[in-house]
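The values are calculated or read from the model by the stated rules, or taken from the named source; none is laboratory data. Quantities reported herein were computed from a predicted structural model and do not represent experimental measurements. We place every Cβ from the backbone using ideal geometry, glycine too, and count neighbours over all the protein chains shown.
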Amino acid sequence: MLIDRYLFRAQLQAFCIVFLSLAGLTFVIDAFTNLEEFITYGEEAGGLAKVLGQYYGYRLISFFDATSPVIALASGMFALSWLERHNELTALLAAGITRWRIARPAIVFTALVSLVAMTNREVILPSIRTQISRNAQDLSGKTEKSFEARYDHQTEILFRGRTYQELSRRIDAPSLLMPPLLADYGPQIDAETAIWKPATSSHPAGFLLRSVENPPDIDRLPPLELDGKTVVSTMASADWLKPQQCFVASDVTFEQMIGSSNWSLYSSTPELVRAIANPSLGVGADVPLRVHARFVAPFLDMSLALLGIPLVVGPSRRGVFVAVGLCVLMTVIFFLTTLGFHALATSYVLGPSLAAWGPLLLLAPLATWRAQPMWE
C-alpha cells in the first residue's frame with residue numbers, strides 16, 4: 001500500500017540520519033581526544049585515514065548494537081510526527097484508516113531492525129570482538145598491560161603474571177600457584193613467558209611456558225595428571241616440547257584469562273552457553289544473565305516501540321515536542337527498569353533468568369495497555 005511505502009521510507013531515512021549523526025558526533029569527539037595516538041600509529045600502519053576507517057568501522061557495528069532499539073523508536077516517532085505536523089494524519093483518519101493501520105509500518109520497521117541487531121550480535125560481533133577490544137592506546141595490540149591473577153576452576157591452578165600482550169596472547173613472568181594435588185614439582189611453576197595455544201592433534205588447549213625457571217629440572221620431570229588427564233606436560237612425555245619448556249592444559253581461553261569483558265559481551269549465544277558449561281571458568285551471574293537477555297531483547301524492543309508510538313498516533317492529540325519529551329522520559333524509565341533488574345542479578349539478589357525476563361513481564365503488559373487505543 002502507498003501509505004506503507006511512504007512511512008517505511010520516511011522511517012528508514014530518519015533512522016539513517018539519526019544513527020549516522022549520533023555515531024559521527026561520538027566518533028569525532030573520541031577521535032580528537034585520541035588524535036595523537038592515531039597519528040603515531042598511522043605512520044606505521046598505512047596512513048591516518050586507514051587507521052581511522054578501520055578503528056571506527058568496527059565500532060560503528062558495535063554502536064548499532066547498543067543504540068538500534070532507541071534509534072528505531074526515534075525514527076518511528078519522527079515519521080509519524082511528520083504526518084501529524086503536516087495534517088496528513090488527520091486526513092488519513094478522516095479517510096477511515098485506523099490508527100493501528102497507520103502505526104503498522106513503524107512497528108514492522110522496528111521488528112526488522114531488531115532482527116538485524118540479533119543477527120549482528122550472533123554472527124558479526126563475535127568475529128570482530130578482538131578488534132573492538134583494542135582502544136586507542138593499544139591500536140597494535142602490542143601494549144603490555146597489567147595481568148590480574150585468575151583461577152582455572154577445574155584444575156585449581158592460580159595463574160599469576162606481571163603483564164600480558166593481547167596480540168601475541170602472551171603472559172610475561174608467569175608464576176603458576178599449584179594446588180596440593182598438582183604440587184609434585186613444588187608449590188609453583190615460574191617461567192619467562194606463557195603463550196596460549198589452541199587445541200591441536202598434539203595437545204589440548206592451554207599455555208606453553210617458555211624458559212621455565214622453577215623447577216630448574218623441568219625437562220626430566222614426569223607429567224602431572226589429574227583425574228586421568230594430563231595437566232602439565234614436559235619433554236619427558238611430549239617430544240614436541242623444547243628444553244626448558246612445559247605445557248599447562250587449560251580450558252580457559254586467553255581472552256577469559258586476562259579478564260576481558262568483550263569475550264562475553266561480543267560472544268555468540270552458543271559460545272556463552274559453552275562457557276557456562278565449562279567447569280574451568282566458574283562464571284558468575286553475568287554470563288547466564290546475558291544469555292537470557294539475548295532471548296528477551298527482541299521482545300523488549302517491540303515493547304519499547306509499543307510504548308512510544310501511541311504517544312503520536314493515539315487518540316490523545318499532543319504537540320510534537322510534548323510527544324517527544326514524553327517519549328524520552330518513557331525511554332529513560334524503560335532502560336532504568338532493565339538496568340535495575342540486571343543489577344539485582346549481578347548482586348545475586350535475583351536469579352539471572354528472573355532478572356532478564358522480569359523487565360519484559362513488567363513492561364510488556366504496560367505496552368499492550370498503552371497500544372490498546374490504536375486498535376479502537
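Odds and ends about this structure:
- Against the conditions (1) surrounded by fewer than 15 Cβ atoms within 10 Å (Cβ to Cβ); (2) within 20 Å of Ala136 (Cα to Cα); (3) not β-branched (Val, Ile, Thr), Asn87 satisfies every one except (2).
- Residues of the range 219-254 satisfying the condition of being in a helix (DSSP H, G or I) and within 18 Å of Arg160 (Cβ to Cβ): Phe254
- Any hit, the range 271-293, residues being buried (at least 19 other Cβ atoms within 10 Å of the Cβ), at pLDDT 80 or above, acidic (Asp, Glu) and under 23 Å from Pro69 (Cβ atoms): no
- Verdict on Pro180 being free of Cβ contacts under 8 Å to residues at least 12 places away in the same chain and not polar (S, T, N, Q): yes
- Residue match in the range 57-68 (condition: among the acidic types (Asp, Glu) and in contact with a Leu (Cβ under 7 Å, 6 or more places away or on another chain)): yes
- When each of Ala355, Ala305, Ala371 is tested for being buried (at least 21 other Cβ atoms within 10 Å of the Cβ), out of contact with any Ser or Thr (no Cβ under 6 Å at 6 or more places or on another chain), within 20 Å of Ala106 (Cβ to Cβ) and small (Gly, Ala, Ser), the lone residue that passes is Ala371.
- Breaking point among (1) in contact (Cβ under 8 Å) with a residue 24 or more places away in the chain; (2) more than 30 Å from Gln245 (Cβ to Cβ), for Ser127: (1)
- One residue from Ala106, Ala66 being within 29 Å of Ile39 (Cβ to Cβ) and among the small types (Gly, Ala, Ser): Ala66
- Test for Thr90: is it assigned to a helix (DSSP H, G or I), over 19 Å from Ala117 (Cβ atoms) and out of contact with any Pro (no Cβ under 6 Å at 6 or more places or on another chain): yes
- Matching residues, the range 1-59, being surrounded by 13 or more Cβ atoms within 10 Å (Cβ to Cβ), of a type in the set (S, T, N, Q) and over 30 Å from Ile107 (Cβ atoms): Asn34, Thr40, Gln54
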